[in-house]
Amino acid sequence: MEKYLIRLRSAVLFSLLFLFPLFFLPFTQEFFATNKLYLLTFSVLLLLAISTVEFFLSKKIVWEAKPLDTSIILFTLTVALSLIIVSPNKIQAILNSNFGLLEIVSLTILYFYLSREKNQPLFWTALLTSSLVVSLLAILSFFQIFKFLPLPNSFEFLKSPQFTPVGNPFDLVVYLGIFSLMFVIHMILNKLSGKTVSFQIVTAVSFIIVFLAFLLTLYGIIKSATMFLPPLRISWYGAVEILKNPLTALFGVGVDNFASIFTRVKDTQYSLSPLWQINAFSVSRSALLHIFTETGLFGFAAFVLIIITLLKLVYNLRAGFSNINILRPVLFMGITIVLMVMFLPSLLLFFLFFVGLSFISQIVRSQPASEIDLSSILPVYLGVGILLIVIIGATGFLVVQSYAAEYYFKKSVDAIAKNNIKDLYDNQRQAVIINPYIERLRINFSQTNMLIANNVASKAQTNSSNSTNPSNSTNQLSDQDRQTITSAIQAAIAEAKAAVALNPQRASNWENLAVIYRNILNVAQGADSWTISAYQRAIVLDPQNPIYRLNLGGVFYSLKNWDEAYGLFTQAVGLKSDWPNAYYNLAWASYQKGAYQQAVNAMQNTISLLDSKTSKADYDKASKELEEFKKKLPKTEEQTATESAQPQKQQLALPTPPVPALSPKIELPKNASPESR
């Protein structure tokens, strides 16, 4: 029986190494990293279950110590400490698929199993074969071979030229770059070791396929220019910023909380870059900087300890570099470490890093395995067995629950395409009930409730406009409609506030709450002050964001508070001087204030930033309004344009409240305000 369990364990490890880069499922909103994380987790739970059966059969605890074990355990503990002590949203930090605790713990357990396996060439075969399959799929996608296949609607994504089971083109370039070099090393070593000609030909053909896929993917990224990466400059600022506070210096800003530090340290230069509409990145530009920023000096020191221990092991192995089984994992590990320094963190990159550590440990001589026989200590034997079952069962249940929430959320996304509001609402509600700790689910559900309130209010307004008695237009809203609107608005506010409560350090959560309040300016009493308060919180957390200031200025504009609107529009222009819509809103605020000279100047700047061809409608609109503004000036004054910038394609719009007005306004409870949490 024990022999079959050993074979089963090896089969699970082989399958995981082969399937991991290829695995994806269209059952969650994000097909790739999310499903790879759950594949990894369930595989690790299966390995633990096999070990539990082995324990019950042998009644022994067997442990084989490896040199890297201590440093890897310390690193995992520092990630856990950062999460427990600093991370605002701990459940979401556990489930984060870029650098979350579930990922790191699963990879640590995988390391312990894989590093104890003896048949290293078998596992290299799994990795190299998988890279070959990924490469073939990348080549087929580049030439859009799938475009000509009759596929169901749910698999239309396969027709995209950028489709890759790895997840995204950038991860694919990193992955194929590693294995292109590994195949080169194979060819050189095969030649030196006198391998058969047929074996050398197979290796050379494999290299050509992988390298061709690498070049095509790199060309696709350069051509499309759609890969937006966090600036290294801002990532460095974030790493330095954590040192200003003792708590964050030691433990970082917390796992899954990089976005909060990014918004605090980004500068005006970022607002002037093509990335400016991305309010925040959730990962650093470098995996090494990401580890430092989120886990602090403790996490960084533990990671450096892994590298130092690794270098010592490699130094001791240097005499055996002529052996492919030694040189191959050493070079693989070296390439992976360089990539972790140079590129942003991802589940795939950490997976390759831990697999590389496992392969190094496989070739290092270790002490004889230690055994603890518990057959004569029945209470301890049963206690350990029950503890293992509880850990595996509880973890499995929680992971299944989490995946179920992602599944229901995906169903709600599908309902949008079908314009089925009921399915959208029901599935999002179910997702939130199953896992109420994910900010993304809460935010989307708040917006869905707001959509329902909007639809009911709009329908009532339509009925009112069609009424034969216009004097009764305000009475077209039935008691049932009013109750539905009230309930939907209250639910929208509650969900938006729940997202803020999960992580009050994230500016986008406050922005969502502000947008919800802004939507009910004409509907609910007190919504104006709540909107202003929420936007102010967002601005404090993201001070360089011109969008927040423009939107808050829009709130004041709709309230006819021209002075406040003017001040905020001026700040938006100061943060992003090449934004036509900021100048456009500033022009109208100046006009409403009676500052006609400033209004003309701002409108001239708007026109100078618009392309008369690509934005003809906006250009003509602004030109016409400029002529109207000039009529307010004394005839003796001559106006000239002031500033110029690169033309942009924009849609000019003045702020207006989107929800139809209701009379009388709905009274919401006091706990609907952002201050009562």
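Compute the label zone of Thr268 within region 528-547: residues whose backbone N is under 11 Å from the point 7 Å along Cα-to-Cβ. Nothing falls inside the zone, counting backbone N under 11 Å. Once backbone amide H atoms are built at 1.01 Å from N, Ala524 has Ile666 as its partners under 5 Å, excluding neighbours fewer than 5 places away on the same chain. The fewest-to-most ranking of Asp479, Asp171 by surrounding Cβ atoms within 10 Å reads Asp479, Asp171.
Mind ordering 610-623, 524-537, 349-362 by average Cβ neighbours within 10 Å, highest first? Let's see the in-between values first.
Values: 610-623: 16.4, 524-537: 20.6, 349-362: 22.7.
Top to bottom by mean Cβ count within 10 Å: 349-362, 524-537, 610-623.
A protection proxy built from the mean count of other Cβ atoms within 10 Å ranks the segments 396-405, 559-568, 311-320, most packed first, as 559-568, 396-405, 311-320.
Above 15 Å lies some portion of the pair distances; for region 109-160, what is it as a whole percent of all C-alpha pairs? Don't skip to the end; give the middle numbers.
Numbers: 839 of 1326 pairs.
Tail fraction, whole percent: 63.
Separation of region 512-577 and region 263-292, taken as the distance between their Cα centroids, equals 23 angstrom. Taking each residue as 0.36 nm, the span from Ile6 to Val53 lengthens on full extension beyond its C-alpha to C-alpha distance by 15.8 nm. The packing ranking of peptides 56-66, 97-107, highest mean first, is 97-107, 56-66, where packing means the average number of other beta carbon atoms within 10 angstrom of each residue.
Of the three principal axes defined by the Cα atoms of region 2-373, the extents in descending order read 60, 54, 43 Å. For region 213-253, the fraction of alpha-carbon pairs lying more than 12 Å apart is 68 percent, rounded to a whole number.
One quarter of the convex hull surface built on the alpha carbon atoms of the chain amounts to 38.2 nm², the projected area averaged over directions. Near Ser58: Cβ cut-off under 13 Å, other residues only, Lys/Arg at +1 and Asp/Glu at -1. The net charge is -1. When only the Cβ of Lys, Arg, Asp and Glu is charged (+1, +1, -1, -1), the dipole of region 2-373 relative to its Cα centre reaches about 640 debye. Under a Cβ-Cβ cut-off of 14 Å, what is the net charge of the residues other than Phe14 that fall near it, where Lys and Arg count +1 and Asp and Glu count -1? Net of charged neighbours comes to +2. In the chain, taking the dipole from charged Cβ atoms about the Cα centre, the farthest positive-side position among Gly296, Ile188, Ile416 is held by Ile188. Using unit Cβ charges (K, R positive; D, E negative) and no other charged atoms, how large, in debye to the nearest 20, is the dipole of the chain about its Cα centre? In total the dipole reaches around 880 debye. The charge dipole of region 183-323, taken about its Cα centre with unit charges on the Cβ atoms of Lys, Arg (+1), Asp and Glu (-1) only, comes to about 400 debye. Can you give the local net charge around Ser375? Use residues other than it whose beta-carbon is closer than 13 angstrom to its beta-carbon, Lys and Arg +1, Asp and Glu -1. Here the charged neighbours net out to 0. Of all lysines in the structure, the ones whose alpha carbon falls short of 26 Å from that of Lys118, not counting any fewer than 8 places away in one chain, are Lys3, Lys36, Lys59, Lys60, Lys66, Lys191, Lys195, Lys312.
Normalised by the number of residues in region 2-373, the average gap of Cα pairs under 8 Å and 6 or more apart makes the relative contact order 26 percent. The label-point distance for Phe321 and Leu149, in a model that sets each label 7 Å from Cα toward Cβ, rounds to 4.4 nm.
Where a number appears in this text, it was derived from the coordinates with a stated rule and is not lab data. This is a predicted model, so every value here is computed, not measured. Cβ atoms come from the backbone with ideal geometry, glycine included; neighbour counts cover every protein chain shown.
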